[in-house]
Every structure is written in C-alpha cells, then in structure tokens.
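Let me begin by presenting the structure, written as structure tokens, before commenting on it.
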Amino acid sequence: MPFLASNATFAVEIEEIFKKMSELEEPFELRDPFQPPKFKRKESKIDSIPKTDGVYTNLPQLYVEDLNEIRVTGVLIGTERRAFVKVGEKGSTYTVKEGMTLGSNEAEIKAILPGGLILAEKVVNIYGETEYLETVIPISK
C-alpha cells in the first residue's frame with residue numbers, strides 16, 4: 001500500500017507541474033506555426049549610405065544655414081543638370097542637382113540654368129498664409 005500512496009502523490013505532483021508549464025498567458029501573441037519565423041534584420045552598412053530618389057549615391061548631403069553663403073562655381077548642362085556650389089569662402093565644393101533641398105527652410109532647387117540656380121522656398125507670412133519665395137543665385141566669378 002505505501003507504494004500506491006506514494007505513486008498517487010507523485011502523479012498529482014506531475015499533473016500540477018504540467019498545468020503550470022502548459023498554461024498560456026497570451027495565446028494570440030504566439031506565432032502561426034504554418035508561417036516561417038520572422039527574424040529581425042540587423043542594420044547593415046548599406047543602410048547608412050545616403051539615397052537620392054531611391055538610388056544610392058556617394059555625393060555628400062549639403063545643409064546650409066544661410067542661403068547667402070552659397071556661391072555657384074560652375075554649371076554642367078546635359079541630360080542631368082548639375083551645379084557645383086561652394087559654401088562660404090573656404091568651404092568645400094558640393095555637387096547639387098534639381099530637386100535637392102538646401103537651407104533651414106528647405107529651399108528646393110527648381111532649375112539649374114547656364115546663369116545659375118533658381119531656388120523656391122516655402123515660408124509662412126505674418127497672416128499665416130504660405131508663400132513661395134524664389135531666389136536666383138547667379139554664377140560667381
């Protein structure tokens with residue numbers, strides 16, 4: 001008889017252990033067993049390369065505080081119009097193209113012409129209305 005009593009208590013203990021182990025707290029948060037597991041992708045080096053219109057580029061991004069600091073040093077007219085600008089007197093030269101934004105108001109380069117750049121920036125006037133200011137930056141000598 002002692003064998004049966006100890007066997008019964010052992011069975012009860014095992015049943016309690018399985019109850020604790022098999023209870024699901026959030027069953028709807030479990031993964032669908034018929035779908036492949038989703039892995040978190042690590043950020044690779046290619047994610048840090050700047051893109052322009054979905055195309056990877058090695059051109060440095062240009063951010064200018066004051067648009068008066070920009071000096072256009074040259075213009076390349078062809079299938080893709082590009083301009084070469086220098087920021088400040090001793091700044092480095094950057095390549096810009098139509099559609100890029102410059103400055104704190106995000107002035108967009110609307111056109112690159114043989115004579116210089118045309119920028120359009122969106123500002124809010126004192127009446128709360130949005131206005132577009134066009135700025136022409138000629139080629140500097």
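Which whole-Hz ³J(HN,Hα) couplings does the stretch 29-36 yield from phi under the Karplus relation 6.51 cos²θ - 1.76 cosθ + 1.60, θ = phi - 60°, glycine and proline marked x?
The phi angles translate into 8, 6, 6, 5, x, 8, 10, x Hz.
What size of dipole, in debye to the nearest 20, comes out for the stretch 60-138 about its Cα centre when the only charges are +1 on Lys and Arg C-beta atoms and -1 on Asp and Glu C-beta atoms?
Charge dipole of the stretch 60-138: 440 debye, to the nearest 20.
Within the stretch 72-92, find all residues whose amide N lies under 15 Å from a label point positioned 7 Å from the Cα of SER140 along Cα-to-beta-carbon.
Of the residues in the stretch 72-92, 72-75, 84-92 have backbone N under 15 Å from the label point off SER140.
With a point put 7 Å past each Cα toward its Cβ, work out how far ASN125 is from GLU16 in nm, to one decimal.
Placing both labels 7 Å beyond Cα along the Cβ direction yields 8.1 nm.
In the stretch 61-141, what chymotrypsin sites (Phe, Trp or Tyr not before Pro) fall in a loop by DSSP, with at most 14 other Cβ atoms inside 10 Å?
Sparse-neighbourhood loop chymotrypsin sites (Phe, Trp or Tyr not before Pro): TYR63, TYR127.
Tell me, what is the FRET efficiency for ASP66 and LYS42 to the nearest 0.05, using R0 = 30 angstrom and their Cβ-Cβ distance as r?
The value I calculate is 0.15.
Name the residue from VAL123, GLY91, GLY74 whose Cα lies farthest towards the positive end of the charge dipole of the stretch 60-138, charges +1 on Cβ of Lys and Arg and -1 on Cβ of Asp and Glu.
GLY74
Stretch ILE118-GLU29 to full length: gain in nm at 0.36 nm per residue minus the Cα-Cα span?
Additional length available on full extension: 26.6 nm.
Since every read-out is calculated from the coordinates, none of them should be taken as a lab result. Computed from a predicted model, the values in this text were never measured in an experiment. All Cβ positions, glycine included, derive from the backbone under ideal geometry; neighbour counts span all protein chains shown.
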